[in-house]
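J.: The structure under discussion is supplied below as structure tokens; questions concerning it will follow.
No lab work stands behind these numbers, since they all come straight from the coordinates. Just so it is clear, the structure is predicted and the values come from calculations on it, not from any experiment. Heads up, the Cβs are rebuilt from the backbone with ideal geometry, glycines too, and the neighbour counts pull from every protein chain shown.
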């Protein structure tokens, strides 16, 4: 390996999740912050989180009305 071009490796890197879970790993940075980890991810926990995606459509229809697209020609691409 070439000397002086590789970053310093830390064996005691602390990873902090948004759920409050922390664990140690090895990395080239001292602290890592993540939004989701194996302690709170639905795949690992077996729980499912309901996300209301239908609310966006209702919000759009409330703002612009349900006849927003009537009479408009589709864009040609």
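J.: Round to the nearest 0.05 the FRET efficiency obtained for residue 35 and residue 61 when R0 = 25 Å and r is the Cβ-Cβ distance.
T.: Between residue 35 and residue 61 the formula returns 0.25.
J.: For helix 54-64, report the angle its Cα long axis makes with the longest principal axis of the Cα atoms of the chain; keep it between 0 and 90° and round to the nearest 10°.
T.: Helix 54-64 sits roughly 50 degrees off the main axis of the chain.
J.: Sticking with this structure for a sec: What does the highest-first list of 35-44, 13-22, 60-69 look like by mean Cβ count within 10 Å? Walk me through the numbers on the way to the answer.
T.: Values: 35-44: 12.0, 13-22: 13.6, 60-69: 9.8.
Order by mean packing, descending: 13-22, 35-44, 60-69.
J.: Further question on the same structure: Given the Cα-Cα distance of residue 70 and residue 25 and 0.36 nm per residue of separation, how much length would full extension add, in nm?
T.: Working: separation 45, 0.36 × 45 = 16.20 nm, distance 5.63 nm.
Extending this stretch completely gives an extra 10.6 nm.
J.: Same structure again: For Rg/Rh (Cα atoms, Kirkwood Rh), pick the label among (i) 1.33; (ii) 1.73; (iii) 1.03 that corresponds to the value derived from the coordinates.
T.: Calculated Rg/Rh (Cα atoms, Kirkwood Rh): the matching label is (i).
J.: If you don't mind, another one. Using Cβ contacts closer than 10 Å as the measure, can you line up 5, 32 from fewest to most?
T.: Going from sparsest to densest Cβ surroundings: 5, 32.
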